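Working notes, structure below.
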There are 2 protein chains.
Amino acid sequence: MDLSKKLEDLSQLIKVAKGEIKGDILLKNINLVNVFSGEIYQTNVLLWKEFVAGIGDEYKEAHQIFDLNGKYLLPGFIDGHIHIESSLLCPSEFTKLVLPHGTTSIIADPHEIANVLGEKGIEYMLKASQDLPLDIYFMIPSCVPATHMETAGGEIGIANIKSLLKEERILGLAEMMNFPGVIFSDFEVLEKIKVTKENKKIVDGHSPGLSETNLQAYISAGIESDHECTIHEEAKEKLRSGMRIMIREGSAAKNLEDLLQIINDSNYHRCFFVSDDKHPEDLLTQGHMDYIVKKAVKLGLKPIRAIQMATLNTAQYFNLNGKGAIAPGYIADLIVVENLSNFAIDKVFKSGQLVVDKGKLIVNIPRYEDPLVLDTININSISPNDFIIKDKGKRVKVIEIIPNQIVTNKLIIEPQVEKEEIVCDIKNDILKLAVIERHKRTGNIGLGLVRGFGIKKGALASSVAHDSHNIVVVGADNYSMALAVREIVKMRGGFVVISDGGVRASLSLPIAGLMSDESAEKVIEKLKKILQSAKDLGSQIENPFITLSFLALPVIPQLKLTDKGLVDVSEFKIISLYEE
Amino acid sequence: MDLSKKLEDLSQLIKVAKGEIKGDILLKNINLVNVFSGEIYQTNVLLWKEFVAGIGDEYKEAHQIFDLNGKYLLPGFIDGHIHIESSLLCPSEFTKLVLPHGTTSIIADPHEIANVLGEKGIEYMLKASQDLPLDIYFMIPSCVPATHMETAGGEIGIANIKSLLKEERILGLAEMMNFPGVIFSDFEVLEKIKVTKENKKIVDGHSPGLSETNLQAYISAGIESDHECTIHEEAKEKLRSGMRIMIREGSAAKNLEDLLQIINDSNYHRCFFVSDDKHPEDLLTQGHMDYIVKKAVKLGLKPIRAIQMATLNTAQYFNLNGKGAIAPGYIADLIVVENLSNFAIDKVFKSGQLVVDKGKLIVNIPRYEDPLVLDTININSISPNDFIIKDKGKRVKVIEIIPNQIVTNKLIIEPQVEKEEIVCDIKNDILKLAVIERHKRTGNIGLGLVRGFGIKKGALASSVAHDSHNIVVVGADNYSMALAVREIVKMRGGFVVISDGGVRASLSLPIAGLMSDESAEKVIEKLKKILQSAKDLGSQIENPFITLSFLALPVIPQLKLTDKGLVDVSEFKIISLYEE
């Protein structure tokens, strides 16, 4: 990963480039996709150790020669913004999944694990990714904890940021979601930005819908990019104002088609592709950056532009010296594809090593194990009584789910009451929802009601619950809910479906309660089973665990639930369940 | 110059951008040249202190309002590679000359002063430029001394480089002229590159004519740019190989017209303009970067591209955060021009301050004085006898000047002899040439003969003599030559014309024997007089002092003279004046 070369190596590399010493690998008769000049032409490329030594027809010898018969050679793809945690996979399993799709570098925002474990979580991610044939760089999560209305497990303060910025693989401050904090000049927020800038590192933005003077103010603070544009007018305004535009196409948000129309010859070098969040089944079936590039070309973008936006432009923004292109002295992260329409990947070279051949991974990916991140579910024992909601003879607020959205409605209803307790009203799809603080054994339990899950019995629980990742559980009865939470504890985190007094399906996520330690295939298989089990209970939602995971996120309107209670997001405060 | 903002300032800036606090200056009804998006459109720009606060029609108020009635607002120009010493001006006088031409930042290579004073010379340049309304960044000269065949005053070794790299305004290692050292893996040369890279700074190249495997080898060492391309095929090969192409248009070398034809929509962002060397009279009469931009547009380049290549592209290559464009939080280095064809400059704002109005400088430029750089002519007293060349009854080698070139021919002639001494042969234009070591009082004097100056009597001398800047003197007789050198000593460096036993004209260059402490106007006036005096002696060369200054440069073929003697450049060694 270290791009500075030892003198002896540098001297050898120069001799290989001059043709005085045999190189390691010659890629012969390739169609070079030159992202510097925008040209595609036939030539040979010589590799030595982890480097490209030289490019040209003059190179004819090497210890190993691949005649590629006119196939295309591209720089390895770079994802400019992704949360690995969304894949539910640990870094090594994530690597196994994306490497065959040509991804050789990613810039990850370890926002989720930082909310659970703070700096320790980021250190785990650094260690877990250090020996992989995928260069994983990190941005420091800028907003941990996300709000004061919830209990997170970790905190990333100025001192943590200062210490983390010293790391080579940490490139800056991740998406500054707290845009109100920026534009209202919260000094702690501004200091995070300042410290990063002083270290000559980058500050990523996150400013959905921000425009005019508010946008100018946000950018004036030194924020350099945005990946939250959803309409092209927004992207155009941000690009004009100096932001790099990360065009996002992931599992959750899909902005490629809307934003592609702003790309032209004058501005493409200020834009690049990111995925943000990719679910494991999408990584497996669609692919990763190759999927975005292919889709962009299908939508009408020139292949060379699409490739520049998945390689060089990203490398330049992040100052990744020796990355994002094919040139002498550059790291030999290379992709061989059959054509520039379906981008079917034949080979991938990572740092000069053939790691994917005929589309299949051919190297062993080392696994990093760390007991320190495996014990993050820290709660008192839970009983059905913990889910009792007393009746006060008042009407109550209910969170109403809007299908396929993370915003919710606020309903006011007459609750169903039995023995002075508010109970679920299955007929009207009113279920109980609880958020159990799981980091510090505070005993905090937030209780509420939710409409829209559609399950007729049992309970669903998850230790993935944005942004603090407490345990969130929805259920038809107190007993099932308690059982679900106990199963989460037993698994040290994960997803579970409970019914009829037993576990119907589960996926354990023991790494910080967020990531599996199993293979992508196993995770996907178990996910399928879980989703089927949730459907069997009557849920009509496509993925009720994703819906569940956003019900505890108190920055998205309207009504949410945290371990501290019900949150009215417009008022940005905890409110009572009961109507006065 | 410090781009990181104090928190209180940052908070104020944000409030100004939001419209909550009045800004300092509003530029109203401007046509904004947006180098990010490639668009030009009418809007308003609000400034606060040294920053751009915001851009948009929403901004209508400020303490001071300029209604610019549709004039064009451009980012300040940046010169990506220049030797200030070539202007013969100290940094403050140089600033006075270029600021009215819209130059607000330059990247200087203090190669000449480093050859005289080593690290101390660079420190002088840093200090002399620290309070100017022109941001002067530096690259560390990579090849001081240039060769072992001459005596330089300074040396820039690894330790100097390590120490200088810590400076904020030092951006990297300057043009690596020692390309043989790179491609033959000279470990000292490679270490200079490595140290720079480890500090995350930039390594500029200098590789005239290098191609194919030698070029690949040179680039593989980590060299990132080139400004020596003279034909478009060369530029194209270097651009394809990953180099940024600095398109040079200066007083000495003019490559714009040849190289412009490679620029297209796919590669323009990898190219930018530099001047390399600008003589004071050219700066005064032609201009600086505005001249290049104007010429490029006249040659057919779109104005927006020409501007991008004089602003944003340069800033991006050098990682000049907050420079090279007009955006919130950026340094307010701005140019107002009447149109995008003649680029007539109306106003220049430097860091938010109006410094040029109606094309005229309106601020006081502080002068930095340092006695430590004023005493660099360090020689024993010189007498006519020092220029005696003994006859050995052999034929001798003569340096033949080729008009308007810095390469020379090697002639072999029968010398004219009087009293066992070789003397000048005015009829055949054979004059004496001497190089007197002037840094360390070694007493070294290199003696030779030169043909092509055309002076019939007297002598010309200069303390500007690439790269070691010893005193070089050409003359028709020993007495005039001694007088010329004595005058150089008296002036503490400079140019002098001697004839008939007296000084005909002179220009003192007391700063390291390279730069004047007078104004540009005075320097130009004196230069004119000197050139006229040289013509009066019979010289037909346009500028014999420039010719003289290159006769001691032992890296340009064929025959040169240093303080150590005659150099055969192809053999890269000192040779005897006498033919065996």
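The values are calculated or read from the model by the stated rules, or taken from the named source; none is laboratory data. Since this is a predicted model, take the numbers as computed values, not measurements. Positions of Cβ are generated from backbone atoms using ideal geometry, with glycine treated the same way; all protein chains shown enter the neighbour counts. For accessibility, only protein heavy atoms count, side chains too; no ligands or nucleic acids. Shrake-Rupley method; radii C 1.70, N 1.55, O 1.52, S 1.80 Å.
When B:167, B:155 are checked against the criterion of being assigned to a loop (DSSP other than H, G, I, E, B) and either surrounded by 23 or more Cβ atoms within 10 Å (Cβ to Cβ) or away from chain A (no Cβ under 14 Å) (or both), a single residue qualifies: B:155. In this structure, is residue B:494 surrounded by fewer than 19 Cβ atoms within 10 Å (Cβ to Cβ) and within 29 Å of residue B:577 (Cβ to Cβ)? No: the conditions fail for residue B:494. The residues of region B:362-385 that are within 21 Å of the chain's Cα centre (by Cα) and part of a helix (DSSP H, G or I) amount to a single one, B:373. Based on this model, can you work out whether residue A:254 counts as among the basic types (Lys, Arg), over 19 Å from the mean Cα position of the chain (by Cα) and surrounded by fewer than 24 Cβ atoms within 10 Å (Cβ to Cβ)? So residue A:254 fails the test. For region B:1-60, the candidate set comprises residues that are assigned to a loop (DSSP other than H, G, I, E, B) and among the aliphatic types (A, V, I, L, M); within that set, the residue that is surrounded by the most Cβ atoms within 10 Å (Cβ to Cβ) is B:35. At least 3 residues being without any contact (Cβ under 8 Å) to a residue 12 or more places away in the chain is the threshold, and among the strands (runs of 3 or more DSSP E) wholly inside region B:419-526 not one reaches it.
Which one of the conditions (1) more than 29 Å from residue B:42 (Cα to Cα); (2) touching a residue at least 24 places away in the same chain (Cβ under 8 Å); (3) not aliphatic (A, V, I, L, M) does residue B:371 fail to meet, given that it meets all the rest? Unmet condition: (2). Of the residues making up region B:24-64, just one is among the small types (Gly, Ala, Ser), within 11 Å of another protein chain (Cβ to nearest Cβ) and farther than 25 Å from residue A:269 by Cβ, namely B:53.
In summary, residue A:286 fulfils each of the numbered conditions (1) surrounded by fewer than 24 Cβ atoms within 10 Å (Cβ to Cβ); (2) touching a residue at least 60 places away in the same chain (Cβ under 8 Å) with the single exception of condition (2).
Residue B:393 meets all of the listed conditions (1) part of a loop (DSSP other than H, G, I, E, B); (2) in contact (Cβ under 8 Å) with a residue 60 or more places away in the chain but one, namely (2). For residue A:292, the requirement of being buried (at least 22 other Cβ atoms within 10 Å of the Cβ) and touching a Cys at 6+ places or on another chain (Cβ under 8 Å) is not met.
Scanning region B:455-489 for residues that are open to solvent by less than 10 Å² (accessible area, probe 1.4 Å), of a type in the set (Gly, Ala, Ser) and farther than 30 Å from residue B:141 by Cβ yields a total of 5.
Residues that are assigned to a strand (DSSP E or B) and of a type in the set (A, V, I, L, M) within region A:328-354 comprise A:331, A:334, A:335, A:336, A:337, A:345, A:348, A:354, listed in sequence order. Residue B:200 passes all but one of (1) open to solvent by 30 Å² or more (accessible area, probe 1.4 Å); (2) in contact (Cβ under 8 Å) with a residue 12 or more places away in the chain; which number fails? The failed condition is (2).
In the set (1) aliphatic (A, V, I, L, M); (2) in a helix (DSSP H, G or I); (3) farther than 27 Å from residue B:313 by Cβ, the condition left unmet by residue B:98 is number (3).
Out of the residues in region A:268-280 that are in a loop (DSSP other than H, G, I, E, B), in contact with a His (Cβ under 9 Å, 6 or more places away or on another chain) and not hydroxyl-bearing (Ser, Thr, Tyr), which is least open to solvent (accessible area, probe 1.4 Å)? Only one residue tops the list, namely A:278.
What pairs come out if I take residues in region B:2-21 that are within 17 Å of residue B:333 (Cα to Cα) and pair them with residues that are surrounded by 18 or more Cβ atoms within 10 Å (Cβ to Cβ) and modelled with pLDDT under 95 whose C-beta lies under 8 Å away, six or more apart or interchain? Listed by first residue and then by second, the contacts come to B:3/B:321; B:13/B:5.
The one condition from (1) open to solvent by 60 Å² or more (accessible area, probe 1.4 Å); (2) facing chain A (nearest Cβ under 8 Å) that residue B:265 does not meet is (1).
Of everything listed in (1) under 20 Å from the mean Cα position of the chain (by Cα); (2) open to solvent by less than 10 Å² (accessible area, probe 1.4 Å), the single unmet condition for residue B:438 is (1). Selection of first residues in region A:245-272 that are under 27 Å from residue A:546 (Cα atoms) and of second residues that are part of a strand (DSSP E or B) and at pLDDT below 95, restricted to Cβ pairs under 8 Å at least 6 apart or on distinct chains, gives the following pairs, ordered by first then second residue: A:248/A:254. Against the definition (aliphatic (A, V, I, L, M) and under 25 Å from residue B:575 (Cα atoms)), how does residue B:435 come out, yes or no? Criteria met by residue B:435.
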